[in-house]
Amino acid sequence: MSASTPITQDVMTIPRKLPEGPVNLVGLTRDQLRQALLDMGTPEKQVKMRVNQVWQWIYQWGVRDFDAMTNLAKTYRAQLAEHFVVDIPEMVSKQVSADGTRKYLVRIAGGHEVEVVYIPETDRGTLCVSSQVGCTLTCSFCHTGTQKLVRNLTAGEIVGQIMMARDDLDEWPEPGVGTGDAGPRLLSNVVLMGMGEPLYNFDNVRNAMKIAMDGEGISLSRRRITLSTSGVVPEIAKCAEEIGCMLAVSFHATTDEVRDKLVPINKRWNIKELLDALRAYPKLSNSERITFEYVMLKDVNDSDDDARRLVKLIQGIPAKINLIPFNEWPGSPYQRSDWARIEKFADIIYKAGYASPIRTPRGEDIMAACGQLKSATERARKSRAQIEAEAGLSQQ
Ligand code: SF4
């Protein structure tokens, strides 16, 4: 080849070791994306710039069509399209509650379905994201806990829920120009409180949250991400060190006897072990405080003594206690505490110096409230099966 032969660097690409079939770029960390682009043949000296460009298109502007990535050469775009896809979970249905809460049913690879909930507030909005299909734990007040674990979600499926909601809210900045910094965001906060125990899917949750926090993309501050755990003690310090987000804990009881029943993981790591891990968290993660979630169950965990014990237990931990009026679901073994009881409980905690907001139930009319999330898979399948059966009958 003569030295004068014009060759653009984009064309000088020799695929090295791409796996079979197109790879989904959503969910790859920056390092993984870099490797994928190198494997496709992107020259080493270009790769940093290419990673930045592709990253911005996907995560800052929500663009999924390589052809629309206009600052990349046409040949490079074609190459990307040949090797990769930009794929997010598919929205199967959306229900909007009278209070504006949106519940999405989304389908992920393998035909599994998970629920995602968007809760709007006056100057912000929170997306409740799922990390597993079903759950291995069997918290007795939780509807999701009645569904067996099917599988962990991939990092792409987790961050893809945020991207899907931004699609639905029409909240991507203008492609190629906007930064997303103007005005308050509709989707400003993420809570990992949907289906599953996020700390049992640690690597994928961490990678997904790193992507969501990246300043050249979705750009959510780590203080706007809250991971809620039932108390997987060995992973708590790791969460502080590797994610650094806010932490919430499904606490729900003040004695091991009651917590063993409500949150059975307590049999493995009891209240004392959990509190020791929580005590270290704020310092490790440089976050101000931990949120203690406390579901109010009539005559189970809602006495004045419980409130006093709670205050004593968490002494020394910077904390806020979220009181959650129980949302009943069909067949649930508990009842919601009376309103006056909840207020009295809140008052004892407040007087001890802790914020103790009572969570307003949201989206009750669409079963989107806390603890009610259960994959609609079975229900949807049933209704689809019914429809098909009816159709079959009518053909006979
Ligand atoms: S509360 Fe969380 S950890 Fe417990 S069963 Fe429900 S989804 Fe699983």
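Test ASP168 against the criterion of being assigned by TED's automatic domain parsing to the domain that holds LYS103, modelled with pLDDT of 95 or more, more than 26 Å from GLY134 (Cα to Cα) and surrounded by 15 or more Cβ atoms within 10 Å (Cβ to Cβ), and give yes or no. So ASP168 does not fit the description; no.
In region 213-231, of all residues being among the hydroxyl-bearing types (Ser, Thr, Tyr) and within 29 Å of PRO264 (Cα to Cα), the one that is farthest from the chain's Cα centre (by Cα) corresponds to SER230. For THR154, the test of being open to solvent by less than 50 Å² (accessible area, probe 1.4 Å) and in contact with a strand residue (DSSP E or B) (Cβ under 9 Å, 6 or more places away or on another chain) is failed.
The residue pairs whose first member lies in region 189-207 and is more than 16 Å from THR291 (Cβ to Cβ), whose second member is of a type in the set (S, T, N, Q) and away from the ligand (no atom under 16 Å from the Cβ), and whose beta carbons are closer than 7 Å, counting only pairs six or more residues apart or on different chains, are ASN204/THR154; ASN207/THR29.
Would region 258-281 turn up any residue that is assigned to a loop (DSSP other than H, G, I, E, B), more than 15 Å from the ligand (Cβ to nearest atom), over 28 Å from ARG309 (Cα atoms) and open to solvent by 10 Å² or more (accessible area, probe 1.4 Å)? Explain how you work it out, then say what you get.
Within region 258-281, the subset assigned to a loop (DSSP other than H, G, I, E, B) is 263, 268-270.
Among the residues that remain, those that are also more than 15 Å from the ligand (Cβ to nearest atom) are: 270.
Imposing the further condition that a residue be over 28 Å from ARG309 (Cα atoms) reduces the set to none.
Within region 258-281 (the criterion being assigned to a loop (DSSP other than H, G, I, E, B), more than 15 Å from the ligand (Cβ to nearest atom), over 28 Å from ARG309 (Cα atoms) and open to solvent by 10 Å² or more (accessible area, probe 1.4 Å)), the answer is no, since none of the residues qualifies.
Residues of region 307-334 that are open to solvent by 30 Å² or more (accessible area, probe 1.4 Å), in contact with a Leu (Cβ under 8 Å, 6 or more places away or on another chain) and over 17 Å from LEU247 (Cβ atoms): TYR334 alone.
The values are calculated or read from the model by the stated rules, or taken from the named source; none is laboratory data. Keep in mind it's a predicted model, so treat the numbers as computed, not measured. In this analysis, Cβ positions are derived from the backbone assuming ideal geometry, glycine residues included, and neighbour counts consider all displayed protein chains. All accessible areas refer to the heavy atoms of the entire protein, side chains included, with ligands and DNA or RNA removed. Shrake-Rupley method; radii C 1.70, N 1.55, O 1.52, S 1.80 Å.
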